[in-house]
Ligand code: DCP
Ligand code: MG
């Protein structure tokens, strides 16, 4: 039985542009607008990825670095920093989670989002797409992502690739066939290169060829024939599959200016608490533990955490605990980053009473790399 079509799905595919290279250009302004390749320096090194400036010279992922240098003698080669890429990946996946339940990451820099439920919050797909792009830019300090929106994973995936970099491609349901028709069959997402070869050998060059083929023409494709024909007609019911249950869910922000006073910090924590509530609700989870993280202007990281006696989910309750945890961090210090996160997560509705009185919770300071500070916080 095929799923009902009563309410069409809204699926987004978001894929960062020249991911590693863009991060290097963000972190090192001297590399901006230049042809750069991220990869090793050894003789056998290959290009992990190249900036769009370098792609104009024909440089591509997986190309031997010697060839890349030959194509572009001014190419700047930057060694990879995987920890940084992973950290950025976590930030963007958290952003995606604000829009979608569930999200399905495909790699460090791309994910499917099923936004069917949250779509009504936006005036239309354009506002949805622009908001995702803006949010990624804001959370990462300026990175661009290309976004595709359609009624299936296949359409969304193909659409995000249409207008890179910094693209937004929307395929309305009534335009699906027109969008697919001219594409070569090897672009069918979920079809391996072997199958694509077989398709081409059997005379199917484009989606259009495959979509319009009759039973007899499809016969040589064997058991896959029907599925391939349906995909070529834009029929794709594959669900967005959630990633595994996370150990923690968090929000953090590096501030544009360092802050010191309670009055400056309160709105940041309030914002963080709201963002965390959204993320917990999207994943239908509640938190038994909450953690406040802070980084000083001297890059000293401190955190304080608390185990709650009951599950917490509301921004109000999170904010209240954050304010309490804040009082055990040094006052009078300049802070450049705050993070609000939840751990000891449970699925929502597992039976415990929600949000028991906060007074009964014990504070457990941990991981403190800062010295005890006697000064009190004042507004
Ligand atoms: N990657 C890699 N080796 C490859 C392909 C990719 O190490 N053969 C890494 C580097 C990329 C990252 O994975 O930055 C993401 O891969 P993408 O295919 O999404 O490529 P980019 O994000 O670099 O470029 P774009 O998506 O704009 O085409
Ligand atoms: Mg990418």
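Highest-first packing order for the peptide set 191-198, 24-31 is 24-31, 191-198, based on the mean count of other beta carbon atoms within 10 Å.
Legend: ranking of residues 340, 10 from fewest to most surrounding C-beta atoms inside 10 Å; resulting order 10, 340. So how tilted is helix 82-97 from the main axis of the chain? Cα-based, degrees 0 to 90, rounded to 10. Its long axis makes an angle of about 90 degrees. Working from Cα pairs under 8 Å separated by at least six residues, relative contact order for the range 136-232 is 19 percent. Exposure proxy for 158, 323, 41: other Cβ atoms within 10 Å of each Cβ, ordered fewest to most, give 41, 323, 158.
Computed from Cα positions, the angle between helix 315-326 and the longest principal axis of the chain comes to roughly 50 degrees.
Rule-based calculations on the coordinates, nothing more; no lab input. Please read these numbers as outputs of a predicted model, since none were measured by experiment. Neighbour counts are summed over all protein chains in view; Cβ atoms, including those assigned to glycine, are modelled from backbone coordinates with ideal geometry.
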